[in-house]
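I have placed the structure first, in the form of structure tokens, so that the comments after it can refer back to it.
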Amino acid sequence: MAEAQQTAAPLAGELGKQVEIITDLQSINAGWYNGEPESRANSTYLLAPMGWINGDATHSIPGSITGDQFNSQFSSAVRKIYDSGHNKPVVFSQGTAIMVWTLMNVKNPKLNLLNNHPLPNIGRVVVTGNPIDGWKLVDWDGIRNFT
């Protein structure tokens, strides 16, 4: 979460706002892959999250949470933000968490975005909608065509 706070600080300063920490927006725990070189973890770390975005949220990253647990926590945080009444809130979190939650929850996911256009550091995703009627993906780091 420290990285997200550091990334959020300049924008918050420009807007005269304070960074608010919402713990359920945390990164996806890498479990057994924590501390491992990315080259070793990349080949298998995303297997469970890929299953989650393809509809099977029961699997877990070894030593970590299931997709159902991740989605419940992250969705709870998104609900809190929505319920705050802010018109255009800005959220900072781990890129993988943002990508996976978005593709698990929008009505118009383009599932190959995770592999073909992963979010860069400070990439952005824009969704519209609400927790009851659902979410629609509007922008994935400049991509706006989701058909």
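The values are calculated or read from the model by the stated rules, or taken from the named source; none is laboratory data. This structure is a prediction, so every number in the text was calculated from the model and none was measured. Cβ: placed from backbone, ideal geometry, glycine included. Neighbour counts: every protein chain shown.
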At pLDDT below 90 and part of a helix (DSSP H, G or I), is that true of A41? yes
What are the residue pairs meeting all of these: first residue in segment 48-65, first residue in contact (Cβ under 8 Å) with a residue 40 or more places away in the chain, second residue outside any loop (DSSP other than H, G, I, E, B) and charged (D, E, K, R), Cβ atoms under 7 Å, and 6 or more apart or on different chains? A57/D68
If you go through G63, G51, G142, the only one that is over 21 Å from Q26 (Cα atoms) and out of contact with any strand residue (DSSP E or B) (no Cβ under 7 Å at 6 or more places or on another chain) is G142
Quick one: Q69 ticks every box in (1) buried (at least 16 other Cβ atoms within 10 Å of the Cβ); (2) closer than 19 Å to D24 by Cβ; (3) touching a strand residue (DSSP E or B) at 6+ places or on another chain (Cβ under 9 Å); (4) not hydroxyl-bearing (S, T, Y) except a single one, so which number is it? (1)
All helices (runs of 4 or more DSSP H) inside segment 55-147 with 2 or more residues being within 12 Å of the chain's Cα centre (by Cα): 67-83, 95-105
Anything in segment 1-33 that is in a loop (DSSP other than H, G, I, E, B), surrounded by 11 or more Cβ atoms within 10 Å (Cβ to Cβ) and not hydroxyl-bearing (S, T, Y)? List them, or say none. M1, K17, V19, E20, I21, I22, Q26, I28, N29, A30
Pairs, first on the phi > 0 side of the Ramachandran plot in segment 20-36, second outside any loop (DSSP other than H, G, I, E, B) and surrounded by 13 or more Cβ atoms within 10 Å (Cβ to Cβ), C-beta under 8 Å, six or more apart: G31/S60
